[in-house]
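Below: one structure, written as structure tokens.
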Amino acid sequence: MAKKIIIIGGSAAGPKAAARARRLDQQAEITLIQRGPDLSMASCGYPYYVGGVFDDRRMLLSTPTGVVRDPKFFMNAKGITALTGTEATAVDRKRRVVSCRNLADGSVSELPYDKIILATGATPKMPPVPGRDLEGITTLQSMKDADYLRKIRDERVIQKAVIIGGGLIGIETCEALELAGIEITVIEALPQLLTFLDPQLAKIVENHVRGRKANVITGNALAEFLGRDGKLTGVKLANGTELPCELAVVAVGVKPDAALAAAAGLAVGETGGIAVDEFLRTSDPDIYAAGDCIETVNRITGKKAHAPYGDLANLQGRVAGENAVCGDTVRFPGTIQTGICKVFEFGAGITGLSETAARAAGFNDIETAVIAGPDKPGFMNGKLLITKMTVNRADGRLLGLQCVGAGDVGRQIASGALAVMGKLAVTDLVNADLPYAPPYSLAIDNFIAAAHVMENKLKGRMKGIGAAEVKSLAEKKNGVFLLDVRGPDEYEAMRLGIGEVLIPLGALRQRVGELPADKGATIICFCKISLRGWEAAAFLAGRGYTDVRVMEGGIAAWPYPREK
Ligand SMILES: Cc1cc2nc3c(=O)[nH]c(=O)nc-3n(C[C@H](O)[C@H](O)[C@H](O)COP(=O)(O)OP(=O)(O)OC[C@H]3O[C@@H](n4cnc5c(N)ncnc54)[C@H](O)[C@@H]3O)c2cc1C
């Protein structure tokens, strides 16, 4: 007899599960239940629709060939019954039925099932502050939200907006609204934007956002929405600051929507997501779950994780769809929390653990390397990238890679993700065979160059020092010698202004006498990206200096104000 498969949730994980189940079982009766009017919404595209990158909202709902994924499409192309405007209100596991309510006419019905796949997604969090019901406050989580913000963009009546939350969605929304000519302030309660990044890289991104005339306030939480006549007029922050605005977009994260599962008596995990095993089975083996509603596992730390990403939702949907019709044959191994976002002309991405996350997870003996460099040769208009690698010192295993900048961040993060998943070590990475031609990369890609720097550090051939430590040493004025080895023109055009001495690399051999006579003195070498800084450090070590360090990533990775 044909299996009855019911899939609840029709955005990313649900339709993917339905399509996979259909491809592997042509007889199954597959029903997709979706609360809203649309199916297969490309939520990740909302900021670009809002920002005017494209105008036709149907593109968010279409196949790559432009066919709208509506119930007719699901029936005709896939033989899947898609019930839109329908809410699954309860799962009766004894009677094996799903109760549904038609939201247009209020009618209720029951659908029998053999297997269920829950793909109910996540809901945006809302800070519990006064005034949150005022008109002018929104999230960007649904097509309705996207339509609302797009209308605001098109009407161009709003002057000032605040974004509450400096994470991926907050920053993408910031860009979208700034493109609409709206004056934006991003408010982040924590001390930095994009908290998945280490502070240095996050600060570099923040500098870029500020350069685009968006105001950024970090370390200050929203305390209250202010309003008049039911409409938003401003926000008040924890330190008392009031900012006038007509629009507030709240992007402080999402929580898994596990209510239906919990009401059905299914286990919910410590992160609030539906508990599943590696086959994506819930605590009831006839009910699977996939996407933002589940709790998964971090493959590096082994800890439970909520990973609300569109790629994972699709991958998990595929696994759940297959297992629902074929028995439990395929596994979902967990996440390494790979993510990327566009920040105006920059990309910002991570795979695996940042240094902060690695330490928090109990990796106590780690090494990091920061490098800066163009993504392609200068003659191909290469654009700068700042890359940070984190490894476990004992075995050199790559724990994580972060990258920010105007160059091709995605390529670096994709390389890093496979290496993290494959548990590769620096010894593997230093000779990685990646694709190279000038339009695509440098002969030695940044990812590999970071591994080279890491190898030098692990073998004790190079002593690195981070920008934060250099700043702190310079402020203490405790006798470190800061050696900028760039050319005079570069120095004239831009410099740190922290007491550094300029001796161009080409002149160092002649002017070595200008360095401290004490061979034990701390000398910190740098240039724009610290490649010449490394040459200088090697030369000085050869001259008997015993504490020569290279400022990693050079001036390009300096996140603090410069003199010029
Ligand atoms: C603005 C934005 C930008 C993003 N950008 C990226 C990105 O660049 N990269 C990335 O990897 N991820 C991104 N994401 C995250 C990504 O969109 C989500 O991870 C993905 O949509 C999750 O898919 P899902 O199917 O699990 O859940 P959802 O997309 O949340 O869909 C769940 C659906 O189930 C429906 N539903 C819930 N309960 C019921 C019920 N009881 N009955 C019927 N229907 C129900 C909901 O109405 C909803 O439509 C972004 C998200 C947003 C909002």
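Only the coordinates and a few stated rules stand behind these numbers; no lab work does. Note that this is a predicted model, so its numbers are computed, not measured. Quick reminder, even Gly has a Cβ in these numbers, built from the backbone with ideal geometry, and neighbours come from all protein chains shown.
Values computed for the structure shown
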quantity	calculated
In the range 491-564, GluC sites (Glu not before Pro) in a DSSP loop with at most 12 other beta-carbon atoms within 10 Å	E563
Pairwise FRET efficiency - T241 versus C326, Cβ, R0 = 56 Å, nearest 0.05	0.45
Entries of K203/K304; K115/K303; K213/K471; K203/K463; K342/K459; K383/K457 with Cα pairs more than 31 Å apart	K342/K459
Karplus (6.51, -1.76, 1.60) ³J(HN,Hα), θ = phi - 60°, over the range 506-516, in Hz, Gly and Pro reported as x	x, 9, 4, 4, 6, 9, 4, x, 7, 7, x
Over the chain: helical MRE at 222 nm, DSSP H runs n ≥ 4 each giving -39500 (n - 2.57), nearest 500	-8000 deg cm²/dmol
Within the chain, percent of DSSP bridges classed antiparallel, to nearest 5	55
Computed label-point distance, nm, for sites L418 and N76 using a 7 Å Cα→Cβ extension	3.9
Rounded, prolate or oblate (a/c below 1.5 giving rounded, otherwise prolate when a/b exceeds b/c) for the range 12-147 by Cα gyration tensor	oblate
Interchain or long-range residues, amide H under 5 Å from L483's placed H	V501, I524, C525, F526
Tensor-based shape of the range 326-480 (alpha-carbon gyration tensor, a/c under 1.5 rounded, otherwise prolate or oblate)	oblate
Under the Karplus curve 6.51 cos²θ - 1.76 cosθ + 1.60, θ = phi - 60°, whole-Hz ³J(HN,Hα) for the range 108-116, x wherever Gly or Pro sits	10, 8, 10, 10, x, 9, 9, 9, 10
In Hz, Karplus ³J(HN,Hα) per residue of the range 550-564 (6.51, -1.76, 1.60; θ = phi - 60°; x = Gly, Pro)	10, 6, 5, x, x, 5, 4, 9, 7, x, 9, x, 10, 5, 10
Segment E514-D229, extension gain: residue separation times 0.36 nm, minus the distance between their alpha carbons	95.6 nm
Linear extension gain, T427 paired with D56, 0.36 nm per residue minus alpha-carbon span	128.7 nm
Between 0 and 90°, nearest 10: helix 13-24 axis offset from the chain longest Cα axis	70
Sparse-neighbourhood loop sites, trypsin sites (Lys or Arg not before Pro) in the range 199-283 - DSSP loop, at most 14 other Cβ within 10 angstrom	K213
Under 5 Å, built H, 5+ apart or other chain: amide partners of S11	S40
Nonlocal amide H pairs with K125, under 5 Å, H built at 1.01 Å	V252, G253, V254, K255
Spacing of the two label points (7 Å from each Cα toward its C-beta) at E535 and S107, in nm	7.9
Shape call, the range 304-415: gyration tensor on alpha carbons, a/c limit 1.5	oblate
Highest to lowest packing among 43-49, 297-303, scored as the average C-beta count within 10 Å	43-49, 297-303
